[in-house]
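Report on the structure given below.
The values are calculated or read from the model by the stated rules, or taken from the named source; none is laboratory data. Not measured: the values here are computed from a predicted model. Every residue, glycine among them, receives a Cβ derived from its backbone with ideal geometry; neighbour counts consider all protein chains shown.
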Amino acid sequence: MIELLTAPTPNGWKVAIMLEECALPYDVTLINIGKGEQFEADFLAVSPNNKIPSIIDRDPADGGAPVSVFETGAILVYLAEKTGKFLPADLRGRKAVLEWLMWQVSGLGPMLGQHGHFKLYASERLEYPTRRYRKETLRLYGVLDKQLADYEFVAGNDYSIADMACFPWVQTYRAQEVPLDEFAHVRRWYEALKQRPPLRRGMAVARDLMNSTLTMDAKTRETLFGIDEE
């Protein structure tokens, strides 16, 4: 049994998708990041960077004590190796998936996260950072579009953890006002992935709690972003 400690965000959904795609049994422990539960000692014991998601594998492959894993890239690789799914065993296929997974966790996620912050959540609208991160967001969409012009999926012609990592961030395109139709290959990939039942189930995890857990008042902004507005 896997325990998923998470919240309804793109990073949380990445891991939920993988659990659903692998048909692994799991329980969900919701972490109210708006109220600061990510800073509590029990959560920090498994996720020292105070970020969701993390997992606890209570049936690890070595038969030993439960294993906790934090950081979405590490979690996806761990689950892929545990199940033998969605991460190729051959050298070249594995290399490609890990390249694009690292691209997502180091680029696509952080840059879209910053763009979303300044565009959607910042109490003060600032032109320079909004413009700077929008430009980088569109550049990254262009990188992904070029890759998908040659391949069915992000890391080649097989669905993988690289696709699971990218999809929840791309699905924010409406809120971030990204013109998805200008990236035809990303659009084709996005529409195809939306039809996968396990992906849809993963994306539904805790989605009904989004508004109730993230009421964006001054206290929540201070908790999430470390900015005291008083």
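Out of the range 83-121, which residues are charged (D, E, K, R) and crowded, with 17+ Cβ neighbours inside 10 Å? First the steps, then the outcome.
Of the residues in the range 83-121, the ones charged (D, E, K, R) are 85, 90, 92, 94-95, 99, 119.
Matches in the range 83-121: LYS119 only.
Taking ASP208, is it more than 25 Å from ALA74 (Cα to Cα), in a loop (DSSP other than H, G, I, E, B) and modelled with pLDDT under 95? Taking the combined requirement at face value, the residue does not satisfy it.
Among what's in the range 5-38 and is touching a Ser or Thr at 6+ places or on another chain (Cβ under 9 Å) and without any contact (Cβ under 8 Å) to a residue 60 or more places away in the chain, pick the residue that is surrounded by the fewest Cβ atoms within 10 Å (Cβ to Cβ). For the range 5-38, the residue satisfying everything is THR29.
Go through the range 149-167 and give me each residue that's in a helix (DSSP H, G or I) and either more than 16 Å from the chain's Cα centre (by Cα) or farther than 12 Å from TYR190 by Cα (or both). Before the answer, list the steps.
Taking the range 149-167 first, the residues in a helix (DSSP H, G or I) are 149-150, 161-167.
If the condition is that a residue be in a helix (DSSP H, G or I) and either more than 16 Å from the chain's Cα centre (by Cα) or farther than 12 Å from TYR190 by Cα (or both), then ALA149, ASP150, ILE161, ALA162, ALA165 are the ones that fit.
Taking the condition more than 26 Å from ALA162 (Cβ to Cβ), buried (at least 17 other Cβ atoms within 10 Å of the Cβ) and not assigned by TED's automatic domain parsing to the domain that holds SER160, does GLY73 pass? So GLY73 fails the test. Note on the range 1-120: no enclosed strands (runs of 3 or more DSSP E) hold 3 or more residues that are among the aliphatic types (A, V, I, L, M), touching an Asp or Glu at 6+ places or on another chain (Cβ under 8 Å) and over 19 Å from PHE153 (Cβ atoms).
Within the range 176-203, restricting attention to residues that are among the aliphatic types (A, V, I, L, M) and either at pLDDT below 95 or assigned to a helix (DSSP H, G or I) (or both), which residue is farthest from THR9 (Cα to Cα)?
Applying the first criterion (among the aliphatic types (A, V, I, L, M)) to the range 176-203 yields 178, 180, 184, 186, 192-193, 199, 203.
Next, from what is left, pick out any that are either at pLDDT below 95 or assigned to a helix (DSSP H, G or I) (or both): 180, 184, 186, 192-193, 199, 203.
Numbers: LEU180: 20, ALA184: 25, VAL186: 21, ALA192: 21, LEU193: 18, LEU199: 14, MET203: 9 Å.
Filtering first and then ranking leaves ALA184.
Residues of the range 145-169 that are crowded, with 22+ Cβ neighbours inside 10 Å and either touching a Cys at 6+ places or on another chain (Cβ under 8 Å) or not acidic (Asp, Glu) (or both): VAL154, ALA155, SER160, ILE161, ALA162, MET164, ALA165, CYS166, PHE167, PRO168, TRP169. Contact map, the range 123-147: residues that are within 14 Å of TRP100 (Cβ to Cβ) paired with residues that are small (Gly, Ala, Ser), Cβ distance under 7 Å, separation 6+ or inter-chain. Pairs shown: LEU140/GLY107.
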